[in-house]
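The values are calculated or read from the model by the stated rules, or taken from the named source; none is laboratory data. In this text, all values refer to a predicted model and were calculated from it rather than measured experimentally. Reconstructed Cβ throughout: ideal geometry from the backbone, glycine too, with neighbour counts over all protein chains shown. Protein only, heavy atoms only, side chains kept; ligands, DNA and RNA dropped before computing areas. Shrake-Rupley method; radii C 1.70, N 1.55, O 1.52, S 1.80 Å.
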Amino acid sequence: MKILFATTNQAKVRYYATRLQEKGFDIVTLSDLGITQEVEETGKTPTENAIIKATSYAQQAQIPTIAIDEGLYLNGLSPEQQPGVHVRRVNGRRLNDQEMIEHYLHLVEKYGKNGQLTGYFKKGIAVATGNSMTTFENDSPRLFVNRQSEIIDEGYPLASIQIVAPVNKFKSELTREEEAITMDIEQQPIFDFLSQVLEEIRESIETAQKEKSQSAFCNNL
């Protein structure tokens, strides 16, 4: 059973899709299927956007589809000032990686204390099949600082101004082993959710196939 992980973000592909493959799921990406059409994300929350993407790409691919969206919420900002689901878009314009870093460095200076600004990423996860939709939400605390690492993680530029407390390093400077350990701890609730839902989908499909085969056998008697 193939499962579409619907994202063009290479950082997400590197982590989520790879880890799901390690758990035995046959994960394919949009590029694997030649899907280039972008889905307009009109939701007001990460979960709403995840549902929109999962629904659209599941219809295009005709296979179970996972979509993840996230929003950023910073302490000290009013609801109107929150980046929310527009993490990369400011005043209607999409920022490139360096512009994004500079924008959030400014927020740290303006709203932070002692060069630090705390907040959290809220992830919305949606898994769509032809007749069902399952969702999940997870919050991940973040610490942003007023200085920048020389290493920029393509597709995830804010990692260069985030400090990971347990190792006291920029997130973009973590070794593969450190990244895996910290991400595994932080993202475990998401993987538990996905593993359960995907296993249920796999069992449902296998059951349907067996029933179809049995029905065909009986009809041929």
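From the list Ala17, Ala67, Ala6, which residue is modelled with pLDDT of 95 or more and in contact with a strand residue (DSSP E or B) (Cβ under 6 Å, 6 or more places away or on another chain)? Matching residue, one of Ala17, Ala67, Ala6: Ala67.
Scanning the stretch 99-154 for residues that are hydroxyl-bearing (Ser, Thr, Tyr), in contact with a Leu (Cβ under 9 Å, 6 or more places away or on another chain) and open to solvent by 50 Å² or more (accessible area, probe 1.4 Å) yields Tyr111, Thr118, Tyr120. When residues of the stretch 107-145 are filtered for being over 15 Å from Arg88 (Cβ atoms) and in a helix (DSSP H, G or I), how many remain? Looking only at that region, the number is 4.
Check the stretch 92-105 and report whether any residue there is outside any helix (DSSP H, G or I), charged (D, E, K, R) and modelled with pLDDT under 95. Among the residues of the stretch 92-105, at least one is outside any helix (DSSP H, G or I), charged (D, E, K, R) and modelled with pLDDT under 95, which makes the answer yes. When Val28, Val127 are screened for being of a type outside the set (S, T, N, Q), closer than 24 Å to Phe5 by Cα and in contact with a Lys or Arg (Cβ under 7 Å, 6 or more places away or on another chain), only Val28 passes.
Scanning the stretch 173-203 for residues that are closer than 18 Å to Asn131 by Cα and surrounded by fewer than 15 Cβ atoms within 10 Å (Cβ to Cβ) yields Gln196, Glu199, Glu200, Glu203.
Within the bounds of the stretch 113-130, is there any residue that is more than 23 Å from Gln148 (Cα to Cα), in contact (Cβ under 8 Å) with a residue 12 or more places away in the chain, touching a Pro at 6+ places or on another chain (Cβ under 7 Å) and of a type in the set (Val, Ile, Thr)? Scanning the stretch 113-130, I find at least one residue that is more than 23 Å from Gln148 (Cα to Cα), in contact (Cβ under 8 Å) with a residue 12 or more places away in the chain, touching a Pro at 6+ places or on another chain (Cβ under 7 Å) and of a type in the set (Val, Ile, Thr), so the answer is yes.
When the stretch 74-89 is filtered for residues that are open to solvent by 50 Å² or more (accessible area, probe 1.4 Å), more than 30 Å from Ser31 (Cα to Cα) and either part of a strand (DSSP E or B) or of a type outside the set (Asp, Glu) (or both), the ones remaining, listed by number, are Asn75, Gly76, Pro79, Gln81. In the stretch 14-44, which residue that is open to solvent by less than 30 Å² (accessible area, probe 1.4 Å) and in a helix (DSSP H, G or I) is farthest from His86 (Cα to Cα)? Going through the qualifying residues, I end up with Leu20. Taking residues in the stretch 76-90 that are hydrophobic (A, V, I, L, M, F, W, C), and partners anywhere that are in a loop (DSSP other than H, G, I, E, B) and open to solvent by less than 40 Å² (accessible area, probe 1.4 Å), the pairs with Cβ atoms closer than 7 Å and at least 6 places apart or on different chains are Val85/Gly43. If you check Glu48 against the conditions, is it in contact (Cβ under 8 Å) with a residue 60 or more places away in the chain, part of a helix (DSSP H, G or I), among the charged types (D, E, K, R) and open to solvent by 30 Å² or more (accessible area, probe 1.4 Å)? Criteria met by Glu48. Here Gly71 clears all of (1) open to solvent by less than 10 Å² (accessible area, probe 1.4 Å); (2) part of a helix (DSSP H, G or I) except the condition numbered (2).
Selection of the stretch 91-112 for residues being polar (S, T, N, Q) and touching a residue at least 40 places away in the same chain (Cβ under 8 Å) yields only Gln98. Only one of (1) within 18 Å of the chain's Cα centre (by Cα); (2) at pLDDT 90 or above; (3) part of a helix (DSSP H, G or I) is not met by Ile181, so which one is it? Result: Ile181 fails condition (2) only.
When restricted to residues that are open to solvent by 30 Å² or more (accessible area, probe 1.4 Å) and not basic (Lys, Arg), the stretch 155-172 contains 5.
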